[in-house]
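The values are calculated or read from the model by the stated rules, or taken from the named source; none is laboratory data. Source: prediction; values computed, not measured. Don't worry about glycine lacking a Cβ; one is built from the backbone with ideal geometry, like all the others, and counts go over all protein chains shown.
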Amino acid sequence: MVKFSKKLLGVALGAGYDLNSAAQQLTQGSPVSTPEKIFSILKTIVQYTYTIFFIVAVLFILIAAFNFLTAKGDPAKIIAARSQILWAIVAIIIALLSVGAAQIINNFIKDA
């Protein structure tokens, strides 16, 4: 695939194809025209990811609580419930990191 791409680029350059005008044509219908728009798209994706992870985490916590209540002292069920709570905490951490990562990327884009 890489060889094909290099050959295609070589043919385009050899034929005198104007890459500048090709790039302008590609961006005409694109929703991303400035770095600020890139961040707004990234922010929207992060917000959806954040919401989904928190919903999943709450569901996991509710299921784990139900498993704790119905365990009746069974060590295997208690271990499973603790594991579910652990994964719920992991989901919450990932959600919080996604917001932090978006802010870091925003700082890089604005500083550039």
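Here are some notes:
- Within region 77-92, tally of residues that are without any contact (Cβ under 8 Å) to a residue 24 or more places away in the chain and under 14 Å from residue 52 (Cα atoms): 1
- Residue match in region 63-70 (condition: of a type in the set (S, T, N, Q), farther than 30 Å from residue 37 by Cβ and either in the same structural domain as residue 40 (by TED's automatic domain parsing) or modelled with pLDDT of 85 or more (or both)): yes
- Hits in region 44-60 - residues which are within 10 Å of the chain's Cα centre (by Cα) and either outside any helix (DSSP H, G or I) or surrounded by 15 or more Cβ atoms within 10 Å (Cβ to Cβ) (or both): 46, 49, 50
- Residue check for residue 72: touching a residue at least 24 places away in the same chain (Cβ under 8 Å) and among the basic types (Lys, Arg): no
- Residues of region 68-78 that turn out to be under 20 Å from residue 57 (Cβ atoms) and exposed (fewer than 11 other Cβ atoms within 10 Å of the Cβ), as a count: 1
- Against the numbered list (1) modelled with pLDDT of 85 or more; (2) within 21 Å of residue 99 (Cα to Cα), residue 38 comes up short only at (1).
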